[in-house]
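**Q** Below is a structure I'd like to ask you about.
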Amino acid sequence: MKDNSISQGRRIDSLQFLRFAGAMCITVYHFSGIWGSLKFDFSRAVYLFYMISGFVVMLSTKKEEKKKYFLTRRLIKVLPLYWGLTLATFTFGQFFPDFIGYKPTALQLVKSLFFIPYMRANAKGSFAIRPIVGLGHTLQLEMLFYLLFLVSMRISHRRRGQI
């Protein structure tokens, strides 16, 4: 008889589907300005997405060999695309600042590349804490989560979820 328990390292497809649905709701929310007002506040899906992601990350680091390279695997997955988009947006902003709403500085570039929050003007003239790639603010939160999770991995797997 086949053991389908999550302790065998199987993916939990229903959770992956919920996480995907949460990510799609977040995407719809970010583009709602283009489509006009929506009757449903899709921003609440952020909580669902992060809650499920936290559970999946905790589950994926149950084994010692997975735990050892946790941060390295995550950074390899996230950084190349984010850095590429940040550099492209920075370069584009140097030539067409009106298109992105402001002209990013070299200091803002460095802070954006290393997920250091800073306040900048947005296209509407107000201020926001955003990296050069505006939607990258969720990556800043994700990197903070990874850092906190890395610290919590010193605690036994059984107790880690209680944090």
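Each value in this text was obtained by applying a stated rule to the coordinates, not by laboratory testing. Note that the coordinates shown come from a computational prediction; the quantities given were computed from them, not determined experimentally. Cβ sites come from the backbone with ideal geometry, for glycine too, and all protein chains shown count toward neighbours.
**Q** Could you derive backbone 3J(HN,Hα) for the stretch 82-95 from the dihedral phi with the Karplus parameters 6.51, -1.76 and 1.60 (θ = phi - 60°), listing whole Hz in sequence and x where the residue is Gly or Pro?
**A** Per-residue couplings from phi come out as 4, 4, x, 5, 5, 5, 5, 5, 4, 4, 4, x, 5, 9 Hz.
**Q** Here's a follow-up. In terms of the ratio Rg/(2.2 N^0.38 Å) built on C-alpha atoms, what value belongs to the stretch 98-138? Spell out each step's value before the answer.
**A** Numbers: Rg = 9.4 Å, N = 41, 2.2 N^0.38 = 9.0 Å.
The value comes to 1.04.
**Q** So, one more: Take residue 48 and residue 27, extend 7 Å from each Cα along the Cα→Cβ direction, and tell me the distance between the two endpoints in nm.
**A** Simple spin-label model gives 1.5 nm for this pair.
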